[in-house]
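Here is the structure we will look at.
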Amino acid sequence: MSDALRRGANAVVLVGTDAADLEAQDFHSAFEYLQLPDRAVLLPSMDGGYVMIGMNRAPAARLNRGIQWSSGLELQQTRRRLAEAGLQTHLLRPRLDIDLPADLRRARRAKLI
């Protein structure tokens with residue numbers, strides 16, 4: 001992500017492969033918000049993490065350093081790191097990600113997969 005921004009991309013968005021119910025509007029909202037300077041966007045997952053992260057300026061330090069993955073604290077810790085990097089963060093509507101068998105069952109019941 002940082003490499004693309006340093007090479008001239010106006011904004012970059014990364015999405016997890018386990019996001020079951022993303023919609024086109026999620027991408028539209030993310031890129032719309034990223035038109036403002038020094039911004040980041042996170043699309044929370046329902047388990048305390050996130051399924052999308054985007055930004056329009058590369059932070060000076062690596063954002064993922066010190067994040068406790070699979071802890072339920074990922075969103076909170078990443079928001080703190082983004083703020084430390086001087087990026088104002090906008091949260092989109094939470095979405096389901098599939099990490100556990102129960103998540104898969106929930107996605108199937110909701111006819112997401």
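The values are calculated or read from the model by the stated rules, or taken from the named source; none is laboratory data. All values reported here derive from a predicted model rather than from experimental measurement. When the accessible area is computed, the model is the full protein with side chains, heavy atoms only, and any ligands, DNA or RNA have been set aside. Shrake-Rupley method; radii C 1.70, N 1.55, O 1.52, S 1.80 Å.
Computed extension length for D18-R80: 20.0 nm, one decimal, from 0.36 nm per residue of separation with the Cα-Cα distance subtracted.
Helix content alone sets the calculated 222 nm mean residue ellipticity of the chain: runs of n ≥ 4 DSSP H residues at -39500 (n - 2.57) each, divided across all residues, give -8500 deg cm²/dmol.
Assuming a ≥ b ≥ c are the square roots of the Cα gyration tensor eigenvalues, decide whether region 1-62 counts as rounded (a/c under 1.5), prolate (otherwise, with a/b larger than b/c) or oblate. Here region 1-62 falls in the prolate category.
When T78, T17 are compared by accessible area at a 1.4 angstrom probe, the order from most to least is T17, T78.
As a fraction of the 1.4 Å probe accessible area of the chain, surface on carbon and sulfur atoms comes out at 51 percent. Accessible surface area normalised per residue over the chain is 60 Å², counting heavy atoms of protein chains with a 1.4 Å rolling probe. Put S45, S70 in order of accessible area, highest first, and with a 1.4 Å probe you get S70, S45. With a 1.4 Å probe rolled over the protein heavy atoms of all chains, the accessible area of E84, E23 falls in the order E84, E23, largest first. Taking each residue as 0.36 nm, the span from L36 to R6 lengthens on full extension beyond its C-alpha to C-alpha distance by 9.1 nm. Among A11, A102, A83, the residue with the largest mean-square fluctuation in a Gaussian network model of the chain, with springs joining Cα atoms closer than 10 Å, is A102.
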